[in-house]
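Working notes, structure below.
The values are calculated or read from the model by the stated rules, or taken from the named source; none is laboratory data. This structure is a prediction, so every number in the text was calculated from the model and none was measured. Because the Cβ atoms are built from the backbone with ideal geometry, glycine has one as well, and the counts that use them run over all protein chains shown. The protein model used for the area step is the full one, side chains on, heavy atoms only, and it has no ligands, DNA or RNA in it. Shrake-Rupley method; radii C 1.70, N 1.55, O 1.52, S 1.80 Å.
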Amino acid sequence: MFNPQLPRSCLDLMRSGARSSGFYFIRDSGDNPVRVFCDLASESGWAWTLVMSQSFRNRKMHHLMRVPLSNDAPLNASNPNWEAYRLPLEKMKELRAESSHWRITCNFPTDVFDYRDYVKGNFSEVNLMNVDGHKVCKMVDYINVKGRNCSHCTAAWWQDSGTMFHHDLSLGNCFFETFVNVNTVFNADYFGWYENIDISFSCCADDSSSTNHWFGAHI
């Protein structure tokens, strides 16, 4: 049922004064309530909506590994959680329209938020919903893999019809891969996919580790 009091996004919530992270109801384009998780606290002035999350134990689930973000593959869409969750494509597009940036975190909200094993991108530079190819060099605002990092640099991304968006530090030839010397497992996957595993990356540390995708903006 239509509720004019419901905000359109987590960003609207922050604009109205909300500052606590947690579960909220927002409206979709049909004015239907949608339960989401909003992070309004980890980065000052930023409002983030969780659009997908997977535990490491669920890394092989088809919806989380084999379906690119350009396709519709909702999973527990009415019950946002860290284990196995993905919003419908239509809702992702609505949130994308109100978001300037995306980010991927590990183990939110379990770990202390410290920008380790973290990436943030600007949709104007790289729209992770439509990346199609292998070793695609795209500019990101910031990327950190196991403590090594760079800002406003290019990194290599993978995504195709049967492969979820992810990064492979050891195979790319973009700035981050050629400049940052990180001890990696050959061919290891980071920030998703996880066909080849590096357990020193915190998203892959154990079965309860999680990889979390967010869309958001700064007020």
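Charging the Cβ of each Asp and Glu at -1 and of each Lys and Arg at +1, and nothing else, the dipole of the chain about its Cα centre rounds to 220 debye. Ellipticity at 222 nm from helices only: DSSP H runs of n ≥ 4 in the chain, each -39500 (n - 2.57), divided by the residue count, give -2500 deg cm²/dmol.
Kirkwood Rh over Cα pairs of the range 168-219 into Stokes-Einstein at 4 °C, 1.567 mPa s: D in µm²/s? So the translational diffusion coefficient is about 104 µm²/s. Here the Karplus curve 6.51 cos²θ - 1.76 cosθ + 1.60, taken at θ = phi - 60°, turns the phi angles of the range 86-91 into couplings of 7, 6, x, 4, 4, 5 Hz, with x standing for Gly and Pro. Here the Karplus curve 6.51 cos²θ - 1.76 cosθ + 1.60, taken at θ = phi - 60°, turns the phi angles of the range 121-130 into couplings of x, 8, 4, 5, 9, 8, 8, 5, 6, 10 Hz, with x standing for Gly and Pro.
For the range 76-97 and the range 1-67, what is the separation of their C-alpha centers, rounded to whole Å? Using only Cα atoms to place each centre, the spacing works out to 8 Å.
With one equal scatterer per alpha carbon and no solvent term, the Debye-computed log10 I(q)/I(0) for the range 75-143 at 0.28 1/Å reads -1.24. Taking 19 Å as the straight-line reach from the Cα of residue 60, the aspartates and glutamates in range (excluding those fewer than 8 positions away in the same chain) are 72, 83, 160, 168, 189, 195, 198, 206, 207. Along the range 95-112 the Karplus relation, 6.51 cos²θ - 1.76 cosθ + 1.60 evaluated at θ = phi - 60°, assigns HN-Hα couplings of 5, 4, 5, 9, 10, 9, 9, 10, 8, 10, 10, 10, 6, 7, x, 5, 7, 5 Hz to successive residues, with x for each Gly and Pro.
Modelled this way, with points 7 Å down the Cα-to-C-beta line, the labels at residue 207 and residue 161 are 3.5 nm from one another. Rg and Dmax of the chain, based on Cα coordinates, read 16.5, 54 Å. Taking amide H atoms as placed 1.01 Å from N in the peptide plane, the amide H of residue 85 lies under 5 Å from those of 53, each 5 or more residues away in sequence or on another chain.
For residue 120, the lysines whose Cα falls under 20 Å of its own Cα, not counting residues fewer than eight places away in the same chain, are 93, 135, 138, 146. Accessible area per residue for the range 1-121, computed on protein heavy atoms with a 1.4 Å probe, is 45 Å². Put a plus charge on the Cβ of each Lys and Arg, a minus charge on the Cβ of each Asp and Glu, and nothing anywhere else: the dipole of the range 100-209 about its Cα centre is then about 340 debye.
What residue among 133, 17, 162 shows peak mean-square fluctuation when the chain is described by a Gaussian network model with Cα springs under 10 Å? Judging by the Gaussian network model, the answer is 17. Computed across the range 1-66, the Kirkwood hydrodynamic radius from all distinct Cα-Cα pairs reaches 13.2 Å. Look at the dipole of the chain built from charges on Cβ: of 69, 157, 48, the Cα furthest out on the positive end belongs to 48.
Distances longer than 17 Å among the Cα atoms of the range 95-188: what percent of all pairs is that?
Cα-Cα pairs in the range 95-188 separated by more than 17 Å: 50 percent.
Length, then width, then depth: along the principal axes, the Cα atoms of the range 21-146 run 38, 32, 32 Å.
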